[in-house]
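Here is the structure we will look at.
Where a number appears in this text, it was derived from the coordinates with a stated rule and is not lab data. As the structure is a computational prediction, the values presented were derived from the model and not from experiment. Don't worry about glycine lacking a Cβ; one is built from the backbone with ideal geometry, like all the others, and counts go over all protein chains shown.
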Amino acid sequence: MFGSASLSVLAVLLITVFMFRSGLPLFKVVSVADFLFTTRWEPTAADPGYGILSFIVGSFLVTGLALAIAVPTGMAVGVFLAELSDDRSSRTIRSAVELLAGIPSVVYGLFGIAVITPASRALFGGSGYGALSAAAILAIMTLPTIITVTDSSLRALPRELKEGSLALGATHWQTIYKVLVPAARSGIIAGVILGMGRAIGETLAVLMVGGNAPIMPKGLNGMVRTLTMNIITDMSYATGDHLTSLFATGMVLFAFILGLNLIARLALKKSMTGVGGGAGA
Amino acid sequence: MMSEAETAFSIRGLDLWYGKSQALKSVTADLPARSVTALIGPSGCGKSTFLRTLNRMNDLVGGVRIEGSVLYDGVDVLSPSTDVIDLRKRVGMVFQKPNPFPMSLYDNIAYGPRVHGVKDKARLDDVVESSLVRAALFDEVKDRLHESALGLSGGQQQRLCIARVLAVEPEVVLMDEPTSALDPISTAKIEALLDELKRDYTIVIVTHNMQQAGRVSDRTAFFLLGELVEYAATKELFFNPADERTENYISGRFG
């Protein structure tokens, strides 16, 4: 047990070291500021440009849009499962949600090409390949996390909390949105952040529907390239500084995910120490 | 004196089943208004179930079947057409384990009035203060009304929960072993409070502690295996029980 635990810690350390060793040399060629805050991505030009700002914006645009769809929907489903539906339908829906979480991302990508891009084309015009389509796919992929976490945080609350509110003459609905959801807040926030981490890190499905133009996205429906797409697109042929710049892109992605995990951990810690998080009085 | 007292709850032939097991058997009783009625008996005897029938909290449990009638102030409590929200507003409940909401003291107490539509800040301020005063908690917490209620001691939390019930201006307060999770000093404070509250409120209290029933109640009902064995003035029941089973229980021969 201890051996496997040490091994996983070691793996994280190795990945970190490897990533930084392969990515950091880029900053001998281009400054950190130019890398992060400019948009000229021409790594193979005679005067190469290594600005990834468009991709940072792309990643956050797609992820933000996805969460804007997935958070309200996922929370609603979670509340429905924990509070409103009967045990039998809850069990059925829960297994469907688990199944949703297990579908390979390439299948989501195929679904995106077959269904979402034509729908986007019909509704918003353009090619159908762009930030909106990528966000829609990511939203579906993030839903299971948000649903499961909302559902389980609500079910972990002490029963007395709900009874206390109902006994005061509050309706079931008032009890849900004024007492139960606020009491489960930290857990739900942690779930949202974990979902966000998954969305930022997702590669294949967004690559299949995002358009992948290495430019600043032109509006919500514009073609988009994210950090992950940038790495996978160029990886097969990049050499030299170009290759190094892809590792540096990976570093940035890694830092974002690490940051999100830290925030999620803090939120969870808060929900464990607060009575509302299920620890009781 | 007692016979002239106004009746709050009139219960006739109350049967209750959880699935196939019968938890209450043909319970008939009149609970007087503005006095303290204690429900005693061993664990699983049906006293909490009986209490939770009075404000329809048993609705939350699946597979419950109830027969018989419970009238409160002319309202048929068990009827499906009864407004449960209004009933619970008039018949409040304090639970065994203090259950403050994870919000400030102020918001805990203002919660009830707010869900019943009070928005006016000045009026809410008044209700919060007067409820805390009536629950004998105001002096201890007046400087920390906007801090989390979870920071209070167990005894303070329970008085906060009483204040929270009083804030919706109920007529009845049901208490389900309200001091069983508290230390003796907090228990004494809550018992003293009951003595004050019974002037204005009808109180029905479930307790495991027979000394407590003796100290705080005017009438006592003894439950055994779902049956209301004996129901009489507290002194009468403790010193001159009519039923042998009551005598055995209060003299500690079982339970």
*Kindly work out what percent of the DSSP beta bridges joining two residues of chain B are antiparallel, to the nearest 5.*
60
*Cα pair distances of the range B:2-250 binned at 10 Å [whole percent]*: 7, 31, 35, 21, 5, 0
*Could you list which residues have their amide H under 5 Å from that of B:V229, counting only those 5 or more apart in sequence or on another chain, with H placed in the peptide plane?*
B:F222, B:F223, B:L224
*What angle do you read, to the nearest 10 degrees and between 0 and 90, between the alpha-carbon axis of helix B:154-166 and the longest principal axis of chain B?*
90
*Would you compute, for the Cα atoms of chain A, the largest minus smallest coordinate along each principal axis and list the three values in descending order, in whole Å?*
74, 52, 32
*Any idea what angle helix A:2-23 forms with the longest principal axis of chain A, computed on alpha-carbon atoms, 0 to 90 degrees, nearest 10?*
40
*Proxy reagent accessibility, fewest Cβ within 10 Å first, across B:H208, A:H172, B:H146*: B:H146, A:H172, B:H208
*Give me a single rounded figure for B:98-106: the average over its residues of other chain Cβ atoms within 10 Å of their Cβ.*
6
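Of all DSSP beta bridges in the protein assembly as shown, what percent run antiparallel (nearest 5)? Before the final figure, lay out the partial values.
On the way: 27 of 46 bridges.
Here the share of antiparallel DSSP bridges comes out near 60 percent.
Provide the net charge surrounding A:T249, with neighbours chosen by a C-beta distance below 13 Å and charges set as Lys +1, Arg +1, Asp -1, Glu -1.
-1
So if I place +1 on the C-beta of Lys and Arg and -1 on the C-beta of Asp and Glu, and nothing else carries charge, what would the dipole magnitude of the range A:55-277 be about its Cα centre? I want it in debye, nearest 20. Can you show the working numbers first?
Values: 15 positive and 10 negative charges, 64 e Å.
Dipole magnitude for the range A:55-277 comes out near 300 debye.
When Lys and Arg each count +1 and Asp and Glu each count -1, what net charge do the other residues less than 10 Å away from B:G13, Cβ to Cβ, add up to?
On the way: positive: B:R12, B:K25; negative: B:D15, B:E67.
Overall, the nearby charge balance is 0.
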*Amide H to amide H under 5 Å from B:F9: which residues, 5+ apart in sequence or cross-chain, H placed 1.01 Å off N in plane?*
B:L31
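Once you charge only the Cβ atoms, +1 for Lys and Arg and -1 for Asp and Glu, what is the size of the charge dipole of the range B:2-250 about its Cα centre, to the nearest 20 debye? The partial results should precede the final answer.
Details: 28 positive and 35 negative charges, 112 e Å.
Here the size comes out at about 540 debye.
Looking at the range B:171-246, what % of the alpha carbon pairs are farther apart than 20 Å?
Values: 930 of 2850 pairs.
Taking all Cα-Cα pairs of the range B:171-246, the fraction more than 20 Å apart is 33 percent.
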_Built amide H within the under 5 Å cut-off of B:M175, gap 5+_ = B:V94, B:V204, B:I205, B:V206
*Using a Förster distance of 56 Å, how high is the FRET efficiency between A:S22 and A:R159, based on the Cβ-Cβ distance and rounded to 0.05?*
0.60
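Could you give the length gained on full extension between B:S21 and B:A33, defined as 0.36 nm per residue of separation minus the Cα-Cα distance, in nm? Write down the numbers at each step before the final one.
Details: separation 12, 0.36 × 12 = 4.32 nm, distance 3.15 nm.
Working it through step by step, the gained length comes to 1.2 nm.
Between beta-carbons, use under 15 Å as the cut-off and find the net charge around A:G112, counting Lys and Arg +1, Asp and Glu -1.
On the way: positive: A:R121; negative: A:E202.
Net local charge, A:G112 excluded: 0.
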*Would you kindly compute the Cα radius of gyration of the range A:162-281 and its largest Cα-Cα separation (Dmax), both in Å?*
21.2, 70
*Can you find, among A:F80, A:S31, A:G164, the residue farthest towards the positive end of the dipole of chain A? Put +1 on the C-beta of Lys and Arg, -1 on that of Asp and Glu.*
A:G164
_With equal scatterers on the alpha carbons only and no solvent term, can you work out the Debye log10 of I(q)/I(0) for the protein assembly as shown at 0.05, 0.07 1/Å?_
-0.33, -0.57
_Percentage relative contact order, the range A:55-277, counting C-alpha pairs under 8 Å, at least six apart_ = 30
*Helix B:184-197 sits at what angle to the longest principal axis of chain B, using alpha carbons and giving 0 to 90 degrees rounded to 10?*
90
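Give me the one-decimal Kirkwood hydrodynamic radius in Å for the range B:117-195, with the sum taken over alpha-carbon pairs. Each step should come with its number before you reach the end.
Working: mean 1/r = 0.0756 Å⁻¹.
Computed over the range B:117-195, the radius equals 13.2 Å.
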*List, in order, the whole-Hz ³J(HN,Hα) value for each residue of the range B:58-68 obtained from phi through the Karplus relation with A = 6.51, B = -1.76, C = 1.60 and θ = phi - 60°; use x for Gly and Pro.*
5, 4, 6, 8, x, x, 8, 10, 10, 10, x
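About the Cα centre of the range B:118-203, what is the dipole size in debye to 20, counting +1 per Lys and Arg Cβ and -1 per Asp and Glu Cβ, all else neutral? Don't skip to the answer; put the middle values down first.
Working: 11 positive and 17 negative charges, 37 e Å.
Approximately 180 debye in magnitude.
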